[in-house]
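Undergrad: Provided herewith is a single structure, encoded as structure tokens, for subsequent inquiry.
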Amino acid sequence: MISEKMATALNNQIKLEGYASFLYLSMASWCDKEGLEGCAEFLHRQSDEEREHMLKIFHYLSEVDQHALTPEISQTPHEFDSVQELFKQVYKHEQKVTHAINELVAQATLENDYSTISFLQWYIEEQREEENLMRTILDKIKLIGDGPMSLYYIDKEIDAINQAELSAEGGAE
Ligand code: OFO
């Protein structure tokens with residue numbers, strides 16, 4: 001059993017992960033509309049991952065005899081200024097999630113809630129990897145610059161990153 005306060009904080013995290021899933025879904029749709037298929041596929045996969053992150057917390061709350069609540073998700077943006085701006089937003093959102101996870105760990109530590117501390121370890125590692133991945137993408141985008149063929153090369157690059165992520169996931173199974 002974990003505290004009510006901890007359960008509320010974890011339910012808030014469900015909301016944040018759910019928002020991330022919908023945000024990346026909206027971004028995938030925008031990329032599709034712009035003809036950026038590689039980016040769209042990457043973001044669809046990210047969106048699915050975020051849903052899994054949300055569900056992991058759902059199951060954890062049930063396991064510790066607490067009530068997981070389906071979140072109300074606020075409206076995500078539908079339009080983005082450019083693919084460069086879009087990935088900056090992804091990185092910013094991941095930083096926000098990392099901050100929220102750190103806050104959860106701090107709360108669990110304060111309460112000597114070792115079960116939740118242990119549960120959150122997976123998220124700490126996941127966020128380190130995600131932030132690193134998004135920084136790599138932003139670096140590539142910067143290197144490609146904004147010449148006439150830049151969108152083509154950005155899309156190709158993100159597609160390659162997506163394929164690498166997919167095969168890493170396959171290898172992990
Ligand atoms: Fe679940 O927020 Fe990133 O990975």
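Undergrad: Once the convex hull of the C-alpha atoms of segment 43-104 is built, how many Å³ does it hold per residue, rounded to a whole number?
TA: Working: hull volume 6.2 nm³, N = 62.
Expressed per residue, the convex hull around the Cα atoms of segment 43-104 is 101 Å³.
Undergrad: Another question, then. List the relative contact order of segment 1-94 as a percent without decimals, with contacts defined as Cα pairs under 8 Å and 6+ residues apart.
TA: This gives 39 percent for segment 1-94.
Undergrad: Okay, helix-only estimate at 222 nm for the chain: each DSSP H run of n ≥ 4 adds -39500 (n - 2.57), divide by all residues, round to 500 deg cm²/dmol; what do you get?
TA: -29000 deg cm²/dmol
Undergrad: Mind checking the dipole of the chain: about its Cα centre, +1 per Lys or Arg Cβ, -1 per Asp or Glu Cβ, Debye to the nearest 20?
TA: For the chain, the charge dipole is close to 360 debye.
Undergrad: Restricting to Cα pairs below 8 Å that are 6+ residues apart, what does the relative contact order work out to for segment 67-147? Please round to a whole percent.
TA: It rounds to 36 percent for segment 67-147.
Undergrad: Considering lysine pairs in the chain that are 8 or more places apart or on different chains, how many have Cα atoms under 24 Å apart?
TA: Eligible lysine pairs with Cα atoms under 24 Å apart amount to 25.
Undergrad: Which log10 I(q)/I(0) values does the chain give at q = 0.11, 0.18 Å⁻¹ under the Debye formula, counting every alpha carbon as one identical point scatterer?
TA: -0.50, -1.13
Undergrad: OK, next. Relative contact order, percent, of the chain when contacts are C-alpha pairs under 8 Å separated by at least 6 residues?
TA: The value is 28 percent.
Undergrad: What is the distance in Å between the Cα centres of segment 79-146 and segment 1-51?
TA: One Cα centre to the other: 12 Å.
Undergrad: On a 0 to 90° scale, report how tilted helix 37-63 is relative to the longest principal axis of the chain, with both axes built from alpha carbons and the result rounded to the nearest 10.
TA: Tilt of helix 37-63: around 0 degrees.
Undergrad: Continuing with this model, one more query. Treating the angle as unsigned and between 0 and 90°, give the value, to the nearest 10°, between the Cα long axis of helix 114-144 and the longest Cα principal axis of the chain.
TA: For 114-144 against the chain, the angle is about 10 degrees.
Undergrad: Compute the acute angle (0 to 90°) between the alpha-carbon long axis of helix 83-110 and the principal axis of greatest extent of the alpha-carbon atoms of the chain; round to the nearest 10°.
TA: For helix 83-110, the angle is close to 10 degrees.
Only the coordinates and a few stated rules stand behind these numbers; no lab work does. Since this is a predicted model, take the numbers as computed values, not measurements. Note: ideal-geometry Cβ built from the backbone for every residue, glycine included; neighbour counts use all protein chains shown.
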